[in-house]
Amino acid sequence: MSAELQQVKTWILKRHPERQDIAGDLDLIENRLIDSLSFVEFVFLLEQASGRTIDMESLEVDHLRTLNIIEARFFGVTVH
Amino acid sequence: MAAGSVPARAPGWANLGMDIVSAARVRQMVDEHGESFLLRMLTEQELADCRTDEGLNLLTVCGRIAAKEAAFKTLRVADRILPWLDIEVHRADGGWPLIELHGRAAQLAQDAGIEGITVSISHDVDYAVAVGAPVLGPAI
């Protein structure tokens, strides 16, 4: 796991102290780890961690659905 | 009849949207990132409308956020990100909120046969709630 993704994971876990870990393929939306309000902060966090602006016009929920997808999409890591 | 079996555009049928926003969460957001962070969700005008002579009224901010969420929920679109700045909340002369749709939000509404969205906002102590209802256009 990249340092950037670890930062993302830590951010989520901080907001959900009842959780010990988050599997890479866990659906963050369906499991309500990110809701619509925290979504805004989450995108901000991804911008900071990736060092680039995220185009909200083209962003889809599926782009942020799991840690694996986020890592591949925003931190340039291919997950096999 | 189960709600799931009702067609989206059945005569007389309107999908409501509702949302609740915690002022504590928004306060934490502002504390961590500053007031300018709210411009990711509110337009400059909306943020200005939330100011009083004593500064930013956080519950008014929460009300605007809840209204946008409630309005978006009436569109019944799955897996789409709320186009925050395309749903604008104004204050009518009478004091009630008015929703103005732009860009993607206007397109989504048009696709759903919705001509406009009406909302109502309320807040107390540490929460703001809003309910939205679509104004349906003629069935296609």
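The values are calculated or read from the model by the stated rules, or taken from the named source; none is laboratory data. On a predicted model such as this, the values are computed, not experimentally measured, just so you know. Note that each Cβ is placed from the backbone with ideal geometry, even for glycine, and that neighbours are counted across all protein chains shown. All accessible areas refer to the heavy atoms of the entire protein, side chains included, with ligands and DNA or RNA removed. Shrake-Rupley method; radii C 1.70, N 1.55, O 1.52, S 1.80 Å.
Remarks
- Accessible surface of chain B [probe 1.4 Å, protein heavy atoms]: carbon and sulfur percent: 53 percent
- Accessible surface for B:Thr118 stands near 70 Å², nearest 10, in the context of the full protein assembly shown (1.4 Å probe).
- Potential lengthening between B:Arg40 and B:Glu115 on full extension [0.36 nm per residue; Cα-Cα distance subtracted]: 24.5 nm
- Amide H contacts of A:Ser2 (H built 1.01 Å from N, in plane; Pro and chain starts excluded): no residue 5 or more places away or on another chain comes under 5 Å.
- Most to least accessible of B:Lys68, A:Lys14 (protein chains only, probe 1.4 Å): A:Lys14, B:Lys68
- Put a plus charge on the Cβ of each Lys and Arg, a minus charge on the Cβ of each Asp and Glu, and nothing anywhere else: the dipole of chain A about its Cα centre is then about 280 debye.
- Full-extension gain in nm, A:Ser2 to A:Ala72, via 0.36 nm per residue minus C-alpha separation: 24.2 nm
- Over region B:15-136, relative contact order from alpha-carbon pairs under 8 Å, at least 6 apart, %: 35 percent
- Protein-only accessible surface order, largest first, of B:Asp53, A:Asp21, B:Asp124 at 1.4 Å: B:Asp53, B:Asp124, A:Asp21
- Annotation: per residue accessible area for the protein assembly as shown equals 53 Å², rounded to a whole number [probe 1.4 Å, protein chains only].
- Applying the Kirkwood pairwise sum to the alpha-carbon positions of chain B produces a hydrodynamic radius of 15.6 angstrom.
- Counts of other chain beta carbons within 10 angstrom of each beta carbon in peptide A:30-40 average 4.
- Anisotropy class of the protein assembly as shown from Cα gyration tensor, a/c 1.5 cut: oblate
- The charge dipole of region B:15-136, taken about the Cα centre with unit charges on the Cβ atoms of Lys, Arg (+1) and Asp, Glu (-1), comes to about 380 debye, rounded to the nearest 20.
- Cα gyration tensor shape of chain A, rounded if a/c is under 1.5, else prolate or oblate by comparing a/b with b/c: rounded
- Amide H contacts of B:Thr118 (H built 1.01 Å from N, in plane; Pro and chain starts excluded): B:Ala133, B:Val135 sit under 5 Å, all sequence-distant by 5 or more or on other chains.
- Max mean-square fluctuation residue, GNM over chain B, Cα-Cα springs under 10 Å, options B:Ala70, B:Ala92, B:Ala78: B:Ala78
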